[in-house]
Each structure stands twice: as C-alpha cells, then as structure tokens.
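Okay, so here's the structure we're looking at.
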Amino acid sequence: MIEVKNLTKKFGDLLVLDDISETIHEGEKVVIVGPSGGGKSTFLRCLNVLEDPTSGQVIFEGVDLCDRKVDINLHRQRMGMVFQHFNLFNNLTILKNITLAPVKIGVKNYRKQRTKNFFIKFANLFRKDKLQIVPIATYPAAIKEEARRRAVKLLDRIGLLDKADVYPSTLSGGQKQRVAIVRALAMNPKVMLFDEPTSALDPEMVGEVLELIREVANEGMTMVIVTHEMGFAREIGTRIFFMANGKIAEQAPPEEFFTNPKTDRLKEFLNKVL
C-alpha cells in the first residue's frame with residue numbers, strides 16, 4: 001500500500017532520515033518507537049508529504065506522492081492524519097469540525113463535474129460521435145446531509161453526540177483527541193497515520209483514546225502509529241519499527257521485538273522504557 005524508496009530528509013545540514021526503504025502492506029498496523037530525535041515523526045509526516053522529502057519516493061497506491069505533478073491533496077484525502085495536539089478548529093463546533101472537509105471536497109467535486117458536463121454538452125453540438133456525459137448522482141444539499149449523518153454516527157460511536165454543537169474549548173484533552181480521530185475517519189481513509197496521539201494527554205485520558213484506536217485497528221484499518229506507549233505497541237502492532245539516528249535500526253513482530261532484540265541499541269532502549 002505504501003512503498004518508501006531511498007527516503008532522505010535533511011533540515012539544512014542536519015540529516016533526519018537516512019536513505020530509508022520500506023513497504024507497509026494493506027491491513028498492517030506498523031508501530032514506530034525509538035528515542036526522541038530519531039526521526040519517527042518526520043518519517044510519518046513524509047508518508048503524506050506534510051514534510052517534503054529531500055530525496056527518494058513515497059509511493060501510495062501506485063502513485064509517487066513526491067512527484068511535483070501529482071495532486072497531493074487528492075491523495076491525502078485517503079490518508080487520515082491525527083496529531084499530538086488535536087489541531088481542531090476552535091471557532092467551529094464539533095459537528096462542523098468533522099463535516100468541514102467532506103462537505104468542501106464533495107461540493108468541489110460536484111462543481112468540477114458539473115463544469116465538465118457543460119463543456120461536454122457544448123462540444124457535442126459540433127460532434128457526430130457524441131461524448132458521454134457523466135451523471136451527477138449527489139448534489140450539494142445531499143452532500144452536506146450525508147456528511148452530517150456520518151458525523152452524527154461517529155460522534156455517537158465515541159459517546160460524544162451530546163457535544164455536537166459545542167466548541168473544542170469545552171472538551172477535555174481526551175475528548176478532543178477522539179474527535180480528531182473521528183474527523184479523520186469521516187473522510188473514509190485507506191490508511192491512518194497517528195503522530196504520538198496520547199503524548200499531550202493527562203495519564204487518565206490516555207486509555208479512552210487508545211481504546212478508540214484499538215477499535216479502529218480491529219476493523220482492519222491500515223495504520224502507522226508513532227507512540228511511546230510500549231504496552232499498546234506490543235498489543236496492537238503487527239510490526240514494530242525501532243528508529244534511531246534517522247534509520248529503521250531494527251524491526252520485528254511484537255513478541256520477537258520485545259523479547260529478543262538483536263541490536264545493542266534496541267536492548268539499551270528497551271531497558272530504559274520497560
């Protein structure tokens with residue numbers, strides 16, 4: 001699903017990612033752990049090109065996202081991203097936060113197809129071999145209603161339906177992060193990227209966020225998760241990456257990763273965090 005080839009990222013003279021090549025398959029739950037400054041978050045942000053790689057390729061569903069000719073926003077719609085600090089829009093209600101992107105993208109696609117059909121009709125006035133007009137099945141009002149319906153369903157799922165019309169400032173950190181997760185899910189992504197989703201939360205709020213991620217994982221979602229929660233990594237991961245000094249220094253299935261580390265660097269890391 002995601003193939004990384006010779007991925008390198010520099011900030012000035014600082015080498016953050018050092019020639020990484022790796023494949024993440026559909027349905028996998030890849031968990032990335034390692035010391036601070038090892039390149040974990042930068043690697044994750046390069047997967048959907050929130051950070052432009054210095055060199056290399058990130059191929060998602062057969063498309064090189066690093067190609068300047070690619071409409072990156074189109075492909076980002078299929079890669080949900082959840083950040084440490086929620087990134088909710090404080091001036092919008094919870095419901096509006098969740099429906100904003102699906103409505104904007106749906107209406108944009110509607111208008112694009114409507115314009116295309118107009119020019120097809122015009123061209124057909126002068127052609128014997130008529131071009132096919134693509135029917136527009138969903139109109140703006142229906143797009144908005146479907147986005148609202150899905151948002152309500154998602155809020156009900158996480159027990160926050162009663163918060164639909166309030167603003168993010170009234171929510172706890174755990175509630176904000178759960179809203180951020182369902183906001184990403186509202187786009188029907190093919191893969192979810194989590195950048196330390198619990199690191200900004202008070203300890204008592206961590207569990208409710210991890211439980212939601214666990215539920216999404218159990219439904220078969222492909223995931224890449226950067227986290228410091230070792231117990232959660234061991235439980236949910238299908239593969240664990242250990243990143244240090246800009247490289248994936250070691251990787252293995254959870255049981256092997258935690259019980260039989262191969263490198264001294266990973267042994268040292270696990271001794272400190274377990």
Next on the checklist: Six or more apart or on different chains, Cβ atoms under 7 Å: show the pairs whose first residue is in region 80-104 and under 20 Å from L193 (Cα atoms) and whose second is open to solvent by 50 Å² or more (accessible area, probe 1.4 Å) and not in a loop (DSSP other than H, G, I, E, B).
Outcome noted: T99/R148
Checklist entry - Hey, A142 hits all of (1) of a type in the set (A, V, I, L, M); (2) in contact with a Phe, Trp or Tyr (Cβ under 6 Å, 6 or more places away or on another chain); (3) without any contact (Cβ under 8 Å) to a residue 40 or more places away in the chain but one; which does it fall short on? => result (2)
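For D129, are the conditions met, namely being in a loop (DSSP other than H, G, I, E, B), of a type in the set (D, E) and over 30 Å from L201 (Cα atoms)? Outline the logic, then answer.
Numbers: in a loop (DSSP other than H, G, I, E, B): yes; of a type in the set (D, E): yes; over 30 Å from L201 (Cα atoms): yes.
Yes, satisfied.
Of all residues in region 149-167, which are part of a helix (DSSP H, G or I) and in contact with a helix residue (DSSP H, G or I) (Cβ under 6 Å, 6 or more places away or on another chain)? Walk me through how you get there before you give the answer.
The initial filter retains those residues of region 149-167 that are part of a helix (DSSP H, G or I), namely 149-157, 161-163.
If the condition is that a residue be part of a helix (DSSP H, G or I) and in contact with a helix residue (DSSP H, G or I) (Cβ under 6 Å, 6 or more places away or on another chain), then A151, L154, L155, L161, K163 are the ones that fit.
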Checklist entry - If A186 passes every condition in (1) within 30 Å of G62 (Cβ to Cβ); (2) small (G, A, S); (3) free of Cβ contacts under 8 Å to residues at least 12 places away in the same chain but one, which one does it miss? => result (3)
Checklist entry - Of all residues in region 91-139, which are within 28 Å of the chain's Cα centre (by Cα), more than 21 Å from L74 (Cβ to Cβ) and modelled with pLDDT under 90? => result Y139
Item to check | Filter pass, R183 being within 30 Å of R114 (Cα to Cα), at pLDDT 95 or above, open to solvent by 50 Å² or more (accessible area, probe 1.4 Å) and in contact with a helix residue (DSSP H, G or I) (Cβ under 7 Å, 6 or more places away or on another chain) | outcome: no
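So that you can scan it fast, the table gives a plain yes or no per residue for (1) aliphatic (A, V, I, L, M); (2) touching a His at 6+ places or on another chain (Cβ under 6 Å):
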| residue | (1), (2) |
| --- | --- |
| F194 | no, no |
| A200 | yes, yes |
| P203 | no, no |
| G207 | no, no |
| T222 | no, no |
| F232 | no, no |
| M243 | yes, no |
| K247 | no, no |
| N260 | no, no |
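Select from region 8-64 the residues that are of a type in the set (S, T, N, Q), exposed (fewer than 14 other Cβ atoms within 10 Å of the Cβ) and in contact with a strand residue (DSSP E or B) (Cβ under 7 Å, 6 or more places away or on another chain) and list them in ascending order. Please lay out each step first, then the result.
Of the residues in region 8-64, the ones of a type in the set (S, T, N, Q) are 8, 21, 23, 36, 41-42, 48, 54-55, 57.
Going one step further and asking which of them are exposed (fewer than 14 other Cβ atoms within 10 Å of the Cβ), we end up with 21, 23, 36, 55.
Result: S21, T23, S55.
Are any of the residues in region 248-260 in contact with a strand residue (DSSP E or B) (Cβ under 7 Å, 6 or more places away or on another chain) and modelled with pLDDT under 95?
In the first step, residues of region 248-260 are kept if they are in contact with a strand residue (DSSP E or B) (Cβ under 7 Å, 6 or more places away or on another chain); the result is 248-254, 257.
Adding the requirement that they be modelled with pLDDT under 95 leaves none.
Checked region 248-260: no residue is in contact with a strand residue (DSSP E or B) (Cβ under 7 Å, 6 or more places away or on another chain) and modelled with pLDDT under 95.
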Next on the checklist: Name the single residue that is farthest from Y167 (Cα to Cα) among those in region 82-108 being touching a Phe, Trp or Tyr at 6+ places or on another chain (Cβ under 8 Å) and either open to solvent by less than 40 Å² (accessible area, probe 1.4 Å) or among the polar types (S, T, N, Q) (or both).
Outcome noted: V82
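The values are calculated or read from the model by the stated rules, or taken from the named source; none is laboratory data. Keep in mind that what you see is a predicted model, and the values were worked out from it rather than measured. Because the Cβ atoms are built from the backbone with ideal geometry, glycine has one as well, and the counts that use them run over all protein chains shown. Areas reflect the complete protein model, heavy atoms only, side chains present, ligands, DNA and RNA absent. Shrake-Rupley method; radii C 1.70, N 1.55, O 1.52, S 1.80 Å.
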